[in-house]
Amino acid sequence: MPQFDVHRNPGPQRDTVPLVVVVQSSLFEGYRRRVVVPLVRRSALPAGGRVAGTRMNPLFEVAGQTVVLHPLDMVSVALDQLGPVVGNLAEQGQAITDALDELLTRSWG
């Protein structure tokens, strides 16, 4: 399971969060779980919200949908809970890493 693979979300929130992206390094491929970040439908975000398109919440086009990375809802998921792979965001990996850095780095201010 390569890092940045995008999977369908088979869970109960799939209407709002249709996809998830694996952010876990392939160094940990032997484990039975994957750390994923939800990809939320842009249309599900509040109108006029300033979330989409920020460093922490970049926009992506995946499987014909505009989705927003939502790192605050990052979670570890069992392999058998992931839906099928529908794409890979490796070419946008730096934007995903920047978003996680924004979440995890101390803020001085």
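The values are calculated or read from the model by the stated rules, or taken from the named source; none is laboratory data. This structure is a prediction, so every number in the text was calculated from the model and none was measured. Heads up, the Cβs are rebuilt from the backbone with ideal geometry, glycines too, and the neighbour counts pull from every protein chain shown. Each accessible area value is taken on the protein alone, full model and side chains, heavy atoms only, with ligands, DNA and RNA left out. Shrake-Rupley method; radii C 1.70, N 1.55, O 1.52, S 1.80 Å.
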Give the residue list of trypsin sites (Lys or Arg not before Pro) in the chain that are DSSP loop and have at most 16 other beta-carbon atoms within 10 angstrom. 14, 32, 50, 55, 106
Run lengths n ≥ 4 of DSSP H only: what is the helix-derived mean residue ellipticity at 222 nm for the chain, with -39500 (n - 2.57) per run over all residues, to the nearest 500? -3500 deg cm²/dmol
Would you please give the residues with an amide H less than 5 Å from that of residue 88, counting only those at least 5 places away or on a separate chain, with H modeled from the backbone geometry? 6
With label points set 7 Å from each Cα along the Cα-to-Cβ direction at residue 79 and residue 14, the distance between them in nm comes to 2.1
For residue 98, placing the label point 7 angstrom along Cα-to-beta-carbon and taking region 59-82, residues whose amide nitrogen sits under 19 Å are 59-62, 67-72
Multiplying the sequence separation of residue 66 and residue 91 by 0.36 nm and subtracting their Cα-Cα distance, what value in nm do you get? 7.4 nm
Taking all protein chains in place and a 1.4 Å probe, what share, in percent, of the accessible surface of the chain do carbon and sulfur account for? 52
Dipole magnitude of the chain about its Cα centre, charges +1 at Lys/Arg Cβ and -1 at Asp/Glu Cβ only, in debye to the nearest 20? 240
Counting only heavy atoms of protein chains, what accessible area per residue, in Å², does the chain have with a probe of 1.4 Å? 61
